1. Yes or no: the range 112-133 includes at least one residue that is at pLDDT 95 or above, in the same structural domain as ASN166 (by TED's automatic domain parsing) and part of a helix (DSSP H, G or I).
2. Among residues belonging to the range 144-162 that are part of a helix (DSSP H, G or I) and touching a Lys or Arg at 6+ places or on another chain (Cβ under 8 Å), point out the one that is surrounded by the most Cβ atoms within 10 Å (Cβ to Cβ).
3. Would you confirm whether or not the range 80-96 contains a residue that is under 16 Å from VAL30 (Cβ atoms), outside the structural domain of ILE157 (by TED's automatic domain parsing) and outside any loop (DSSP other than H, G, I, E, B)?
4. Answer yes or no as to whether TYR77 is in contact with a Pro (Cβ under 9 Å, 6 or more places away or on another chain), assigned by TED's automatic domain parsing to the domain that holds THR161 and of a type in the set (Ser, Thr, Tyr).
5. Can you tell me which residues in the range 69-100 are of a type in the set (A, V, I, L, M), over 11 Å from ASP51 (Cβ atoms) and in contact with a Phe, Trp or Tyr (Cβ under 9 Å, 6 or more places away or on another chain)?
6. Which condition from (1) surrounded by fewer than 23 Cβ atoms within 10 Å (Cβ to Cβ); (2) more than 19 Å from VAL30 (Cα to Cα) is the one that TRP139 breaks?
7. So, in the range 35-50, exactly how many residues are without any contact (Cβ under 8 Å) to a residue 12 or more places away in the chain and buried (at least 22 other Cβ atoms within 10 Å of the Cβ)?
8. Going through the range 51-61 one residue at a time, which ones are more than 16 Å from GLY115 (Cβ to Cβ) and crowded, with 18+ Cβ neighbours inside 10 Å?
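The values are calculated or read from the model by the stated rules, or taken from the named source; none is laboratory data. Given the structure is predicted, the values throughout are model-derived calculations rather than measurements. Here Cβ is always computed from backbone atoms with ideal geometry, including for glycine, and neighbour counts include all displayed protein chains.
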Amino acid sequence: MKSKFLTSLTVAVSLAAAGTGLISTAAMAVVPDSPSAVNTDVQGLALHGYDAVAYFTDGKPTKGNAKFKATYEGATYYFASEENQRKFNANPAAYAPQFGGFCAMGVALEKKLDGDPNVWKIVDGKLYLNVNQDVAVAWNRDIPGNLDRAEENWPAIKDATPESLN
């Protein structure tokens, strides 16, 4: 049964990938040759500049402002307000996206794909991103199973370059 599910899931993600350009270089992590465990652009900006705290406090993605910033695990995060910056600094692990902001479904499939800050879900108090809406549909079909697979895969792939996995 598990094998059949994984096959169906792989097919669903592959179909979504083919139809949405998921496999193209543009859909890979922001810096495809970076071994960082955090998805950033070339300047080290995480979450495409979105405020990590706002997902929890406002319930929506909110662009951050460069005047409110913090560094965590070698990445820079922007915030929409000084209050959100303070909250993040007090407990960054509570707000930073899981799997370094890479696509959670991608991690479940041993890939490091760019996480879209507008395709997100909070599960058990943790923030997860997906590469696009089609992949989020597959992710949502079995969040507990996908999380188990992602958690199992993450230690082995977190320091690999996205291009070496994809």
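1. yes
2. Restricting to residues being part of a helix (DSSP H, G or I) and touching a Lys or Arg at 6+ places or on another chain (Cβ under 8 Å), the top hit is PRO162.
3. Taking every residue of the range 80-96 in turn, none turns out to be under 16 Å from VAL30 (Cβ atoms), outside the structural domain of ILE157 (by TED's automatic domain parsing) and outside any loop (DSSP other than H, G, I, E, B).
4. Against the criterion (in contact with a Pro (Cβ under 9 Å, 6 or more places away or on another chain), assigned by TED's automatic domain parsing to the domain that holds THR161 and of a type in the set (Ser, Thr, Tyr)), TYR77 does not qualify.
5. Across the range 69-100, the qualifying residues are ALA93, ALA94, ALA96.
6. (1)
7. 0
8. Result: VAL53, single match.
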